[in-house]
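The values are calculated or read from the model by the stated rules, or taken from the named source; none is laboratory data. Given the structure is predicted, the values throughout are model-derived calculations rather than measurements. Here Cβ is always computed from backbone atoms with ideal geometry, including for glycine, and neighbour counts include all displayed protein chains. For the accessible areas, the whole protein counts, side chains as well, though only heavy atoms, and no ligand, DNA or RNA atoms are used. Shrake-Rupley method; radii C 1.70, N 1.55, O 1.52, S 1.80 Å.
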Amino acid sequence: MKRSVWVSSAAVLGFAFLYLPIVSLVIYSFNESRLVTVWSRFSTKWYGELFRDPQILQAAWVSLKIATISASLALVLGTLAALVLVRFGRFAGRTLFNGMTTAPLVMPEVITGLSLLLLFVSMELTFGWPAGRGLTTIIIAHTTFCMAYIAVVVQSRLVDMDRSTEEAALDLGATPVRVFFDITLPTIAPALVSGWLLAFTLSLDDLVIASFVSGPGSSTLPMVIFSKVRLGVSPDINALATLMIAVVSVGVLGSLWIMNRRAGARQDN
């Protein structure tokens with residue numbers, strides 16, 4: 001009994017430590033006062049101020065474009081890397097390939113950002129591309145490190161996958177390409193969705209790497225928020241953070257709903 005009470009108390013304290021700051025931020029986003037820690041009365045005026053701020057809107061649009069393109073490119077490349085590592089068995093350079101694919105997971109972001117900046121500068125001097133830093137360089141940088149996360153997620157799903165259905169389809173005369181699109185891809189779809197959402201979130205949240213490889217007119221939302229916070233936290237930042245929490249929550253709940261529906265459909269079959 002005492003152990004149960006202690007575990008419950010520890011869980012409550014842990015969740016409170018994690019989520020009370022977020023709840024506080026959401027509550028104060030509806031505060032009319034300009035002071036972020038002094039409550040006056042309920043108001044939604046800072047949401048209106050937020051949607052009238054062209055800098056925030058431009059940065060949000062840039063971040064969404066970068067996150068969508070980077071996550072999609074990383075999904076394709078990460079899935080191919082996972083297929084090679086799981087399905088091609090042992091080949092020359094496999095250990096090196098595996099290490100290079102997963103290196104961004106353990107590499108400090110400062111080093112990744114600095115190395116990519118030096119790479120882009122060298123490429124511009126040698127080939128004339130990319131011309132300066134901007135959306136293209138940020139997308140390449142985000143694709144690079146997001147690909148590692150997707151490769152790990154898809155690789156774990158492929159390792160646990162039962163290949164008997166694929167082998168039966170091949171024995172019945174299906175081509176490897178058709179087996180991949182009709183059997184393999186639908187089977188690993190939950191891992192692909194999870195990987196894409198993870199990459200999208202990582203790209204949307206990145207500040208350090210984007211600061212190294214961005215240029216004029218390509219400031220992302222985290223960069224704009226960080227520059228504003230350095231001058232003091234304003235209530236419209238609370239409103240922006242609340243909207244981001246809402247978007248991420250909807251995405252997570254949507255993916256859980258889709259995966260539960262697929263799991264239920266498999267059980268019915």
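Highest GNM mean-square fluctuation, the chain, Cα pairs closer than 10 Å: which of Ala241, Ala81, Ala168?
Ala168
Return the long-range amide H neighbours of Asn31 (sequence gap of 5 or more, or a different chain), with a cut-off of under 5 Å between placed amide H atoms.
Amide H neighbours of Asn31, under 5 Å, 5+ apart: Ser43.
Would you mind counting up the charge near Ala174? Only other residues with Cβ under 14 Å from its Cβ, with Lys and Arg at +1 and Asp and Glu at -1.
-2
Counting Lys and Arg as +1 and Asp and Glu as -1, each charge on the Cβ, what is the dipole of the stretch 108-246 about the Cα centre in debye, to the nearest 20?
With Lys and Arg at +1 and Asp and Glu at -1, about 520 debye.
Top to bottom by accessible area (1.4 Å), largest first, where do Ile258, Ile245 land?
Ile258, Ile245
Find the percent of Cα-Cα distances in the stretch 144-214 that exceed 21 Å, and round it to a whole number.
42 percent
For the stretch 3-100, run through the chymotrypsin sites (Phe, Trp or Tyr not before Pro) and keep only the ones in DSSP coil with at most 16 other Cβ atoms within 10 Å of their Cβ.
Answer in residue order: Trp39, Phe88, Phe91.
If the only charges are +1 at each Lys and Arg Cβ and -1 at each Asp and Glu Cβ, what is the size of the charge dipole of the chain around the Cα centre, to the nearest 20 debye?
Value, rounded to 20: 460 debye.
Quick one: pull the percent of accessible area on the stretch 43-167 belonging to carbon and sulfur, 1.4 Å probe, ligands and nucleic acids left out.
67 percent
Roll a 1.4 Å probe over the protein chains and send me the accessible area per residue for the stretch 1-88 in Å².
Per-residue value: 68 Å².
Have a look at Gly93, Gly251, Gly132 and tell me which one the Gaussian network model of the chain (Cα, springs below 10 Å) gives the largest fluctuation.
Maximum fluctuation in the GNM of the chain, among the listed residues, is at Gly93.
For the chain, what is the convex hull volume of its Cα atoms per residue in Å³?
217 Å³
So which trypsin sites (Lys or Arg not before Pro) in the stretch 194-269 pass both tests, a DSSP loop state and at most 14 other Cβ atoms within 10 Å of the Cβ?
Those that pass, being in a loop and sparsely packed, are Arg230.
What angle do you read, to the nearest 10 degrees and between 0 and 90, between the alpha-carbon axis of helix 2-28 and the longest principal axis of the chain?
Approximately 60 degrees, to the nearest ten.
Which Cα, out of Pro176, Trp6, Val152, lies furthest along the positive dipole direction of the chain (beta carbon charges, K/R +1, D/E -1)?
Trp6
Rounded, prolate or oblate: which fits the stretch 120-269, taking a ≥ b ≥ c as square roots of the Cα gyration tensor eigenvalues, rounded meaning a/c under 1.5, else prolate when a/b beats b/c?
Oblate, since a/c reaches 1.5 and b/c is not below a/b.
Using only Cα atoms, tell me the angle between helix 94-106 and the longest principal axis of the chain; keep it within 0 to 90° and round to the nearest 10.
10 degrees
In Å³ and rounded to a whole number, note down the convex hull volume per residue for the Cα atoms of the stretch 43-129.
Normalising the Cα hull of the stretch 43-129 by residue number yields 183 Å³.
Give the accessible surface of the stretch 97-192 per residue, rounded to a whole number of Å², with probe radius 1.4 Å and ligands, DNA and RNA excluded.
55 Å²
Given the rule -39500 (n - 2.57) for each run of at least 4 DSSP H residues, summed and divided by the residues of the chain, what is its mean residue ellipticity at 222 nm, to the nearest 500 deg cm²/dmol?
-25500 deg cm²/dmol
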